[in-house]
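Undergrad: Attaching a single structure in structure tokens format; questions to follow.
The values are calculated or read from the model by the stated rules, or taken from the named source; none is laboratory data. Only a predicted model underlies this, so the values are computations on that prediction, with no experimental measurement involved. Cβ sites come from the backbone with ideal geometry, for glycine too, and all protein chains shown count toward neighbours. Ligands, DNA and RNA are excluded from the accessible area calculation, which covers all protein heavy atoms including side chains. Shrake-Rupley method; radii C 1.70, N 1.55, O 1.52, S 1.80 Å.
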Amino acid sequence: MKPIQVGLLGIGTVGGGVFTVLERNQDEIQRRAGRGIRIHTVADLNVERAKELVKGRSEVVSDARAVIKDPEIDIVIELIGGYGIAKDLVLEAIAAGKHVVTANKALIAVHGNEIFKAAHDKGVMVAFEAAVAGGIPIIKALREGLTANRIQWIAGIINGTTNFILSEMRDKGLDFATVLKEAQRLGYAEADPTFDIEGIDAAHKVTIMSAIAFGIPMQFEKAHVEGITKLDAIDIRYAEQLGYRIKLLGITKKTPSGVELRVHPTLIPTKRLIANVEGAMNAVQVFGDAVGTTLYYGKGAGSEPTASAVIADLVDVTRLLTSDPENRVPHLAFQPDAVHNTPILPIGEITTSYYLRLRVDDQAGVLADITKILASHGVSIDALLQKEADEGESQTDLIMLTHETKEKNMLAAIAEIQDLSTVAGEAVKIRLENLS
Ligand code: NDP
Ligand code: HSE
């Protein structure tokens, strides 16, 4: 049978990996897909660099639209990134009746609803395994493997760059800027690394997982997003002393009143497997009512790990090319008419535990005043750590862990605590999840 003809838009870090792995493993892939998969044409702005990579084995052009219009091409892979030209090209490819594979989480999280509607109307597939957690097949697990379950929550380390930064800072005592440069050199970071360090990339990914886990539309704009730039090294140390590790987590939970959708630094017990995921590795923990806890671990970024997911999508699309569109796995895992607009909860309405660090006067009655305020807002203390004041210092750090409470209760309590004349500076509040 004639090989499937693929147009590859963008041959950078991931596109280069796709080209290399597809060539290297062509025989094995063909045995699985039932026919060959060939990169017919590559489009990249840097034609010379692309030609060097491709070495005459595919055509190379600078105009991506020429690839989309080519009737020879069955599947278009978008590996350009962003939601500018990439969005236009994906929609044009769909309009031209091409199936699309993309690793572009920003595009899917922000414009997924429009893209899936266009693809559904045209009867073509849009596959996006590589958009979440690189090489880990988490989209496949959520859309297919866990389909019997009512998924209750997902918590993931889904940004390799920030996990790499947090790990290197803790282990090697390196500074933030040095480690970020290294992550960029290794190809983990986004073109704009603020997407990584400010939590936006993780928010794109958790938005996608939330939509396919709960059968809701993509609602990136409603996600609560905090990155790691304001994290203080002292809190990483205090957390360790209390038996916790701080990770940037993407969290989504289904509750009776709505869906929680949030990204922020989070304390998790060191004894949990996910707390020990280091470097650029990713891990996603999913809780389903039937299966209980499941954990998916692997490389979340980089050329070949991400290519692994892109090629898995290529094989899937190849196998399903001749199938009736109505019998394929729906884009959001739920049938389009069964996607519900469950509200995303504002951050004040979420329920979680907290780590609180206060700088307080080292004198009688201070602790009593603070605990009284917490109790008046229904916040119960789980653990307490008070450092001995340094010699000559009249103030000390007071660290508390709380039981679960609504965020708005915690914020009201903190506002009152900060008004006490015995409490100095700003309270540091970091959310804590037990993931049990
Ligand atoms: P790169 O920047 O390395 O590659 C993008 C390529 O697209 C570059 O070669 C660029 O050329 C080319 N390009 C830009 N504009 C056009 C255009 N109009 N027509 C044709 N080619 C164009 O990005 P990555 O490979 O790292 O990322 C690609 C996608 O994969 C992104 O959506 C990213 O978020 C996602 N992703 C990346 C991962 C990673 O580990 N890197 C992991 C998971 C997902 P030039 O360099 O000349 O601008
Ligand atoms: N910048 C992303 C990360 C790439 O660091 O995880 C993978 O999506």
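Okay, residues lined up against (1) more than 14 Å from the chain's Cα centre (by Cα); (2) polar (S, T, N, Q); (3) open to solvent by 50 Å² or more (accessible area, probe 1.4 Å):
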site	(1), (2), (3)
ALA189	no, no, no
ASP192	yes, no, yes
GLU198	no, no, yes
ALA203	no, no, no
ASP235	yes, no, no
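Undergrad: Right, here's the next one. Please report, ordered by residue number, the helices (runs of 4 or more DSSP H) entirely within region 152-201 with at least 3 residues that are at pLDDT below 95 and more than 11 Å from ligand 1 (Cβ to nearest atom).
TA: Passing ranges, in order: 160-172, 176-185.
Undergrad: Determine, yes or no, whether LEU249 is buried (at least 19 other Cβ atoms within 10 Å of the Cβ), at pLDDT 95 or above and either closer than 23 Å to ILE350 by Cβ or of a type outside the set (S, T, N, Q) (or both).
TA: yes
Undergrad: Identify the single condition in (1) aliphatic (A, V, I, L, M); (2) in contact with an Asp or Glu (Cβ under 6 Å, 6 or more places away or on another chain); (3) loosely packed, with under 15 Cβ neighbours inside 10 Å that ILE347 does not satisfy, given that it satisfies every other one.
TA: Condition (3) is where ILE347 drops out.
Undergrad: Right, something else. Among the residues of region 116-135, how many are away from ligand 1 (no atom under 11 Å from the Cβ), open to solvent by 10 Å² or more (accessible area, probe 1.4 Å) and of a type in the set (Gly, Ala, Ser)?
TA: Counting residues in region 116-135 that are away from ligand 1 (no atom under 11 Å from the Cβ), open to solvent by 10 Å² or more (accessible area, probe 1.4 Å) and of a type in the set (Gly, Ala, Ser) gives 3.
Undergrad: Moving to a separate point now. Checking ILE136 against (1) farther than 19 Å from LEU8 by Cβ; (2) at pLDDT 95 or above; (3) part of a helix (DSSP H, G or I), which test does it fail?
TA: For ILE136, the exception is condition (3).
Undergrad: Next up: Keeping to region 278-300, report how many residues are surrounded by 22 or more Cβ atoms within 10 Å (Cβ to Cβ) and closer than 22 Å to ALA213 by Cα.
TA: The qualifying residues number 6.
Undergrad: Mind checking whether some residue in region 317-333 is closer than 30 Å to THR371 by Cα and in contact with a strand residue (DSSP E or B) (Cβ under 6 Å, 6 or more places away or on another chain)?
TA: no
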